[in-house]
Amino acid sequence: MIDYSKHSTSKSYWVRLVVIFFLGWIVIYAGRSVLSPLVGELQTQFGLTKAQTGGIMSLFFLAYTLFQIPSGVFGDRIGRKRVLVTGFFLYAIFIACIYFASSFSIFLILWILAGAAQGCYYGPQYALSTEAIPKKWITLGSAIIGSGMSFGIAMGYYLSSVMISVFNTSWKIPFVMVAIPIVMVTLLMIFCIKEKGSALVEIPSSQKTNFSQLFKNRNLVLAYITIFCSIYGFFVIITWLPNYLEVEKGMNKIEASQIASIVPWVSIIGTILCSYISDKLGRRKPVILFMMPLSLIAIFSIVYCHSYIELIAVLVLYGFIGKISLNPVLIALVADNAPKVSLSTAFGLYNFFGMTASICAPYFTGLIADKTGSLNSGFYLAAVITMVGITAMLFVRERQTAN
């Protein structure tokens, strides 16, 4: 166990670190979402079904998920900064090389490798930020870092839609463009991150907790089920919504991307407000049970919107209480219930189960669309899975924590 309390960091350093990791999440999610507006072009060029198109994102997140635990282990052994920088450097190379992909197989290999490289970010970044940010600022600092996801989604949507629709470029150009800020963030990491040698504190064997003990914790298991259900609906939306708005609602590419980007922009406000309310209440369950039924309504309602106003209202609602806003509250629930000597393991499992949904959602939504001829049923399934998460949360036994 690493004793972070022995380290003091200057205000300028931890603020600088928050900014760098905020930028890191921007380029992580920009690299993911840049693909969504290009779904039609990929289907046309390579003759893909919707299931195969969804499988592209599923394989990406499979590689990302599989690298979560190894990157954490290597970060502890050889240094988190080293793993972080190496992963980002490879991420930039792989996503830029998509420009040279002459076949679908080469494109898919490079895309999967980009996902694996992204998998080197979560664990080392979380450890470095936890070490650097003062305890009294950890919630705010983490919220700012996490908000980079919202900016990244919007950036990816806009980049690919504008390059294709306005500048009439090849569908490969947006991948090259997104590689540029990735290189810039990598350089910031190299020159600005200072990893300190942390004193290691040996944990008595009587205090060590293994995987099986964590799975005996009722609230942790229910939190893992809930994050899976929440992320499933989220990745149905960020993967398929731009294409859905084009095909089902008749929007052009830029309109579809602008409408779809409402979700990440609004989530910035929702993340801060919902986390603040949860901290003030000293409880997580009531906040989650307020947010998830509204998420269910929003996902289900997307199919039945017949005007811009209705669609914007529904997406504003989902952005405010959807996965990105829910995530900090669920993380707090895990922190409240996990043994202190096993926090890293508990969070690793949390992220593993959550990202497993990101593997399933794109493929199964596409498969259902191929079978039914419409993406509507994919949104219905996401709503049903959200109901499972709500049911799981009903069984959480929570005591009020100090606010």
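The values are calculated or read from the model by the stated rules, or taken from the named source; none is laboratory data. All of these numbers come straight from a predicted model, not from anything done at the bench. Ideal geometry is used to build each Cβ from the backbone, glycine not excepted, and the neighbour counts take in all protein chains shown.
Taken together, A298, A260, A256, A369 contain a single residue that is among the hydrophobic types (A, V, I, L, M, F, W, C), within 17 Å of the chain's Cα centre (by Cα) and buried (at least 23 other Cβ atoms within 10 Å of the Cβ), which is A260.
Mind listing whichever residues of the stretch 138-173 are within 22 Å of the chain's Cα centre (by Cα), aromatic (F, W, Y) and more than 14 Å from S36 (Cα to Cα)? Result: F151, single match. Residues in the stretch 239-252 that are surrounded by 18 or more Cβ atoms within 10 Å (Cβ to Cβ) and either over 23 Å from Y363 (Cβ atoms) or assigned by TED's automatic domain parsing to the domain that holds S36 (or both): M251 only.
Kindly check whether there is at least one residue in the stretch 82-98 that is surrounded by 21 or more Cβ atoms within 10 Å (Cβ to Cβ), within 21 Å of the chain's Cα centre (by Cα), at negative phi and modelled with pLDDT under 95. Within the stretch 82-98, one or more residues are surrounded by 21 or more Cβ atoms within 10 Å (Cβ to Cβ), within 21 Å of the chain's Cα centre (by Cα), at negative phi and modelled with pLDDT under 95. For the stretch 131-146, does any single residue satisfy the condition of being in the same structural domain as V85 (by TED's automatic domain parsing), of a type outside the set (V, I, T), in a helix (DSSP H, G or I) and touching an Asp or Glu at 6+ places or on another chain (Cβ under 9 Å)? Yes, some residue in the stretch 131-146 is in the same structural domain as V85 (by TED's automatic domain parsing), of a type outside the set (V, I, T), in a helix (DSSP H, G or I) and touching an Asp or Glu at 6+ places or on another chain (Cβ under 9 Å). Only one entry in I109, I69, I98 is more than 18 Å from G152 (Cα to Cα), in a helix (DSSP H, G or I) and in contact with a Lys or Arg (Cβ under 7 Å, 6 or more places away or on another chain), namely I98. Within the stretch 383-397, residues that are in contact (Cβ under 8 Å) with a residue 60 or more places away in the chain and charged (D, E, K, R) sit with their Cβ atoms under 8 Å from residues that are outside any loop (DSSP other than H, G, I, E, B) and surrounded by fewer than 22 Cβ atoms within 10 Å (Cβ to Cβ), at 6+ positions apart or across chains, in these pairs: R397/R218; R397/N219. Residues in the stretch 164-190 that are at pLDDT below 95 and either crowded, with 18+ Cβ neighbours inside 10 Å or outside any loop (DSSP other than H, G, I, E, B) (or both): how many? Residues that pass the stated criteria total 2.
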